[in-house]
Amino acid sequence: MIEILKADITTLKVDAIVNAANNSLLGGGGVDGAVHRAAGPELLEFNRKLGGCATGQAKLSPGFRLAAKWIIHTVGPIWHGGGEGEAELLEKCYRNSFLLALSQDIKSIAFPAISTGIYGYPRGSAATIALVVMRQYELQFNRIVACCFNAEDLDIYYRELDKLRQ
């Protein structure tokens with residue numbers, strides 16, 4: 001079962017949260033900044049050793065001061081109109097995050113709306129991609145959370161999930 005929540009992802013009690021990171025993995029704005037602030041300075045020090053992350057890929061770090069034991073960092077695509085493979089890269093973000101989680105025996109995971117902030121990915125399209133991939137993995141996890149930042153995103157996720165169920 002996929003849960004759709006409006007919450008601060010940094011407070012969720014799950015095995016792992018997914019961070020919508022930038023390529024450096026050294027912090028930024030939006031979800032990335034919030035995750036770094038909540039996890040504490042140890043996250044920055046740990047991530048310096050990871051050597052960055054390519055768009056669509058995922059890397060793992062401890063959760064440090066978070067309720068979650070793990071942080072899965074993934075780098076979403078910047079929206080350029082849809083003709084530069086953005087959908088495939090966004091799908092890879094979710095898929096590679098799930099595969100990394102499975103390799104660590106993670107059973108509960110929460111995702112933000114990857115690439116929909118400053119990276120400009122259309123929120124409805126991004127929600128559809130997220131939910132399609134989540135549904136492919138839902139039997140392998142005890143809990144999958146689509147964590148929305150605001151009520152508008154919450155409505156978009158519910159609407160897109162309803163469309164997928166039809």
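Among the candidates G63, G51, G40, single out the residue that is small (G, A, S) and under 16 Å from the mean Cα position of the chain (by Cα).
G63
If you go through segment 104-125 and keep only what is over 18 Å from A34 (Cβ atoms), of a type in the set (S, T, N, Q) and in a loop (DSSP other than H, G, I, E, B), you end up with just Q104.
In the list G83, G63, G76, G120, which residue meets the criterion of being out of contact with any Phe, Trp or Tyr (no Cβ under 8 Å at 6 or more places or on another chain) and small (G, A, S)?
Only one candidate passes the filter, namely G83.
Among residues of segment 94-121 that are over 18 Å from Y157 (Cβ atoms), those with a beta-carbon under 7 Å from a residue that is exposed (fewer than 15 other Cβ atoms within 10 Å of the Cβ) and small (G, A, S) at least six positions away or on a different chain give the pairs I118/G29. Every condition in (1) in contact with a Leu (Cβ under 8 Å, 6 or more places away or on another chain); (2) on the phi < 0 side of the Ramachandran plot; (3) surrounded by fewer than 22 Cβ atoms within 10 Å (Cβ to Cβ) holds for G56 except the one numbered (2). Scanning segment 66-115 for residues that are surrounded by 21 or more Cβ atoms within 10 Å (Cβ to Cβ) and of a type in the set (G, A, S) turns up A68, G76, S97, A101, A110, A113, S115. For segment 61-111, the set of residues classified as within 18 Å of E138 (Cβ to Cβ) and of a type in the set (K, R) consists of R95, K107, listed by residue number.
Across segment 122-166, the number of residues qualifying as touching a Gly at 6+ places or on another chain (Cβ under 7 Å) and either closer than 17 Å to E88 by Cβ or among the charged types (D, E, K, R) (or both) comes to 1. Does Y158 satisfy being in contact with a helix residue (DSSP H, G or I) (Cβ under 7 Å, 6 or more places away or on another chain) and among the aromatic types (F, W, Y)? Judged against the criteria, Y158 is not a match.
Where a number appears in this text, it was derived from the coordinates with a stated rule and is not lab data. Bear in mind that the values here come from a model prediction, so they are computed numbers and not experimental data. FYI the Cβ positions are ideal-geometry reconstructions off the backbone, even for glycines, and counts take in every protein chain you see.
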